[in-house]
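Notes follow once the structure below has been shown.
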Amino acid sequence: MYAMFDRLAPLSALLIFLLAPTSTLPAQSAPAEKAVREVLRQMIDADLKDDASELDRTLAADYVIIRDNGVVRSRAETLDGIKTHATRFNSFDLSDLQVRLYGATAVVTFHATIKGSRAGKDMSGQFRETRIFVNQAGAWRAVLAQRTRITGA
């Protein structure tokens with residue numbers, strides 16, 4: 001019986017060695033996750049600084065946002081809101097940030113505490129947000145944002 005084990009041990013070791021690279025996939029995605037988190041940070045910083053040109057660099061050409069009031073805004077409308085100060089962010093704090101990578105696509109979810117105004121009216125509150133990023137020509141760009149207001153449970 002031990003002779004059989006002695007013959008299977010090298011085979012088992014070989015199988016473990018061959019299958020081991022699959023366990024490195026999370027480590028390989030770490031740079032991509034870091035890059036996506038950085039683009040998200042750049043987006044939020046641009047919002048806080050009313051910097052439409054910086055925000056523009058983080059958005060894909062076909063970017064849209066579905067705002068907490070259900071309105072869908074295009075990339076051009078989003079940038080115009082920042083340029084004209086129709087949309088203003090005084091603070092934008094994140095928690096519970098999750099990044100999920102699917103090849104050249106990243107799905108980011110988080111909780112946001114936002115203080116700001118839209119068209120002169122307070123839009124402050126607690127939100128759950130999803131943003132989808134794609135890697136285009138080596139650069140991560142946002143293609144979709146969806147923000148849901150958290151109301152009393």
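The numbers here are math on the coordinates, done by the rules we state, and not lab data. Please read these numbers as outputs of a predicted model, since none were measured by experiment. Reconstructed Cβ throughout: ideal geometry from the backbone, glycine too, with neighbour counts over all protein chains shown.
General remarks:
- Note on Y63, Y102: ascending count of other Cβ atoms within 10 Å places them as Y102, Y63, the fewest first.
- Ascending count of other beta-carbon atoms within 10 Å, so fewest first, for D93, D45, D122: D122, D93, D45
- Protection-proxy order for peptides 54-62, 67-75, each taking the mean of Cβ atoms within 10 Å per residue, highest first: 54-62, 67-75
- Percent of alpha-carbon pairs separated by more than 16 Å within segment 29-149: 59 percent
- Surrounding net charge for L40, when Lys and Arg each add one and Asp and Glu each subtract one, Cβ distance under 12 Å: 0
- In plain terms, the residue of F89, F133 with the fewest other Cβ atoms within 10 Å comes first and the most crowded comes last, giving F89, F133.
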